[in-house]
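Visitor: Quick one: the structure is below, questions incoming.
The values are calculated or read from the model by the stated rules, or taken from the named source; none is laboratory data. Here the structure is a predicted model, which means the values were calculated and not measured. Glycine gets a Cβ as well: all are built from the backbone with ideal geometry, and neighbour counts include every protein chain shown.
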Amino acid sequence: MLEYQIFFDYFPMILLGFWLTLKIVVCAIALGIPLGLILALGRRSNFILISFFATSFIELFRNTPFIIQVFLFYYVLPFYGLRLSAEYVGILALAAFGSAYFAEIIRAGIDAIPKGQLESARAIGMTDWQSMKNIILPQTVSIVLPPLTNQTLTLIKESAILSTITVHELTMTGLMVQGETFRPFEVFIMVALLYWALNETIASIMRRIEKRYSRNRKQNKIVRSKIDFIKSSGFSR
Amino acid sequence: MKPNFLEIIDINKKFGNINALKNVSLNVSKGEVICIIGPSGCGKSTLLRTVNWLTPPDSGKVILKGEIIGSDTGKMTFEQNRSLNEFRARIGMVFQQFNVWPHLNALENVVRAQIVVRKRMRDEAEKKAIKILNEVGLKDKIDEWPDNLSGGQKQRLAIARSLAMDPILMLLDEPTSALDPELIGEVLSVLRNLVNEGMTMLIVTHELGFASKFGDKIVFMDAGEIIESGPPNTILKSPKTERLKLFLEKLSLTSL
């Protein structure tokens, strides 16, 4: 049987953990996406040193387990005199891990734009960066938005691993409450529901934004008119 | 002797093992219209693209009004990169596949580079854009998205985009080859106006009719070399080399 009293007694505490998860993830994404953009541009740079560094960074963080990265950040940084609280280490590790994936997504988005777009921008006298900013990147937004959303959801779930370095986020709080109450089922249902609610909210917001950003306006018009037709003809029932 | 407006000197370009350009030299005076013809893969597009260094040549020089475009050593300094962008802003380029920017509407396609590269104020840039769109016959398409334009309209938009930069030289890479036959005329008539205004142009084209009527000179290329060049009448009516004869025969076969 479920013990409902646990939901009432411990929900505020769990919510506090959720709040920290939210803060960490927001910071990690706010750091990770710009870093990913820089890495993506760095990887295709003509300067060998820059592209080598960007490529190494991406491949390192893409091809090692996140939990190992977290341990490295947490145990190795103090060796070099960088003593940060677990929360900050968590944000840094999450941002670094995420940025490697964000970079690959953005790079794929840039590669998906026909070569002539960059050529026409360069041929008219724009610098590489001006071409990126004015011509290429605006066109990649609609392409990278869905995979970027996916990666964001993954990042939120991966943040649970930060419980292993004593960050008092959602999963850690759940573990603590479980230790107090010995009612794992009730506790982890609460934890799971909160992760689900957060991800579902983000996913549905992003779906709306994706629709608005959809590049091919002409096609949109056709789709919309089809939907109107279906509705008006009563097919939707 | 008056120095040439544009000098292309001993350009070489290799793609892997293929010699795309072999010691190509070409002089162009101001106001001249040069039409480059030749079988596909003969290097005519590559030649055009080396002029504004979109494809940097392996060796050789391109000189516009006495100034070297790009660099003649192969390495580019920061300063040379900057001046290359200034050159490119003054050299209009039109592509076979139009390459209009689909995320910007027609007006913004013509405005954006004026603001970003030429540092014009938005008011001024828009005024100029509207004037030029009017000239190429896109007056009522100003707010339209490129996806809703026909091929001919897209190409005229691309030409307008180049013209807004006040180019002193235009490079046109098969501007009508991707168009349906009935749309070719509207683009050619825009080009005709440019010729009449005295624009210096290098055109890679298969439109021999246009070339013979408006070209001052026709250049025939094959396998990365300039085989023959001269005024349209001599080139098209009495070809000297076997290769050009063969090429013209093939072309006349397809037009039957």
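Visitor: Which of (1) surrounded by fewer than 23 Cβ atoms within 10 Å (Cβ to Cβ); (2) touching a helix residue (DSSP H, G or I) at 6+ places or on another chain (Cβ under 6 Å); (3) in contact (Cβ under 8 Å) with a residue 40 or more places away in the chain; (4) under 30 Å from residue B:10 (Cβ atoms) does residue B:52 not meet, given it meets every other one?
Guide: Result: residue B:52 fails condition (1) only.
Visitor: Given the condition of a type outside the set (Val, Ile, Thr), surrounded by 16 or more Cβ atoms within 10 Å (Cβ to Cβ) and without any contact (Cβ under 8 Å) to a residue 24 or more places away in the chain, answer yes or no: does some residue in the range A:23-41 qualify?
Guide: There is no residue in the range A:23-41 that is of a type outside the set (Val, Ile, Thr), surrounded by 16 or more Cβ atoms within 10 Å (Cβ to Cβ) and without any contact (Cβ under 8 Å) to a residue 24 or more places away in the chain.
Visitor: State whether the residues of the range B:247-256 include one that is out of contact with any helix residue (DSSP H, G or I) (no Cβ under 7 Å at 6 or more places or on another chain), part of a loop (DSSP other than H, G, I, E, B), more than 23 Å from residue B:27 (Cβ to Cβ) and not hydrophobic (A, V, I, L, M, F, W, C).
Guide: Taking every residue of the range B:247-256 in turn, at least one turns out to be out of contact with any helix residue (DSSP H, G or I) (no Cβ under 7 Å at 6 or more places or on another chain), part of a loop (DSSP other than H, G, I, E, B), more than 23 Å from residue B:27 (Cβ to Cβ) and not hydrophobic (A, V, I, L, M, F, W, C).
Visitor: Tell me which helices (runs of 4 or more DSSP H) are completely within the range B:114-199 and hold 2 or more residues being within 12 Å of another protein chain (Cβ to nearest Cβ), surrounded by 19 or more Cβ atoms within 10 Å (Cβ to Cβ) and in contact (Cβ under 8 Å) with a residue 24 or more places away in the chain, or say none if there are none.
Guide: Per the criteria, B:151-163.
Visitor: Given the conditions (1) away from chain A (no Cβ under 14 Å); (2) modelled with pLDDT of 90 or more; (3) within 30 Å of residue B:184 (Cβ to Cβ); (4) crowded, with 22+ Cβ neighbours inside 10 Å, report the number of the one that residue B:42 does not fulfil.
Guide: Just one mismatch for residue B:42, condition (2).
Visitor: Right, something else. Would you mind telling me which numbered condition in (1) hydrophobic (A, V, I, L, M, F, W, C); (2) touching a helix residue (DSSP H, G or I) at 6+ places or on another chain (Cβ under 8 Å); (3) within 14 Å of chain B (Cβ to nearest Cβ) residue A:129 fails?
Guide: (2)
Visitor: Find the residue count for the range B:224-233, including only residues that are out of contact with any helix residue (DSSP H, G or I) (no Cβ under 6 Å at 6 or more places or on another chain) and at pLDDT 90 or above.
Guide: Residues meeting the conditions: 6.
Visitor: Now a separate question. Among the residues of the range B:58-113, write down those that are away from chain A (no Cβ under 14 Å) and closer than 30 Å to residue A:139 by Cα.
Guide: Result: B:107, single match.
Visitor: Consider residue B:18 against the criteria (1) out of contact with any Pro (no Cβ under 8 Å at 6 or more places or on another chain); (2) within 22 Å of residue B:157 (Cβ to Cβ): it satisfies all of them except one. Which criterion is unmet?
Guide: Tallying (1) out of contact with any Pro (no Cβ under 8 Å at 6 or more places or on another chain); (2) within 22 Å of residue B:157 (Cβ to Cβ), residue B:18 fails exactly one: (2).
Visitor: Would you tally the residues in the range A:155-202 being hydroxyl-bearing (Ser, Thr, Tyr) and on the phi > 0 side of the Ramachandran plot?
Guide: 1
Visitor: When you scan the range A:120-135, do you find a residue that is outside any helix (DSSP H, G or I) and in contact (Cβ under 8 Å) with a residue 40 or more places away in the chain, even just one?
Guide: Checking the range A:120-135: not a single residue is outside any helix (DSSP H, G or I) and in contact (Cβ under 8 Å) with a residue 40 or more places away in the chain.
Visitor: Okay, next question. Which residue out of B:45, B:40, B:71 is of a type in the set (Ser, Thr, Tyr) and assigned to a helix (DSSP H, G or I)?
Guide: So the residue among B:45, B:40, B:71 that is of a type in the set (Ser, Thr, Tyr) and assigned to a helix (DSSP H, G or I) is B:45.
Visitor: Can you list the helices (runs of 4 or more DSSP H) lying wholly within the range A:1-89 that have 2 or more residues being within 25 Å of residue A:170 (Cβ to Cβ), touching a helix residue (DSSP H, G or I) at 6+ places or on another chain (Cβ under 9 Å) and aromatic (Phe, Trp, Tyr)?
Guide: It comes to A:4-43, A:66-76.
Visitor: A further question on this structure: Could you say whether any residue in the range A:46-69 is crowded, with 16+ Cβ neighbours inside 10 Å, over 22 Å from the mean Cα position of the chain (by Cα) and within 14 Å of another protein chain (Cβ to nearest Cβ)?
Guide: No, every residue in the range A:46-69 fails to be crowded, with 16+ Cβ neighbours inside 10 Å, over 22 Å from the mean Cα position of the chain (by Cα) and within 14 Å of another protein chain (Cβ to nearest Cβ).
Visitor: Find all pairs meeting these conditions: Cβ atoms under 6 angstrom apart; at least six residues apart or on different chains; first residue within the range B:210-235 and in contact (Cβ under 8 Å) with a residue 24 or more places away in the chain and of a type in the set (Ser, Thr, Tyr); second residue buried (at least 17 other Cβ atoms within 10 Å of the Cβ) and part of a helix (DSSP H, G or I).
Guide: From the range B:210-235, the pairs are B:212/B:232; B:212/B:236.
Visitor: Next question. Does residue B:5 qualify as being of a type in the set (Phe, Trp, Tyr) and more than 16 Å from the chain's Cα centre (by Cα)?
Guide: no
Visitor: Can you tell me which residues in the range A:102-150 are aromatic (Phe, Trp, Tyr) and surrounded by fewer than 19 Cβ atoms within 10 Å (Cβ to Cβ)?
Guide: Across the range A:102-150, the qualifying residue is only A:129.
Visitor: If I go through the range A:7-22 residue by residue, how many of them are among the aliphatic types (A, V, I, L, M) and surrounded by fewer than 19 Cβ atoms within 10 Å (Cβ to Cβ)?
Guide: The number of residues fulfilling the criteria is 4.
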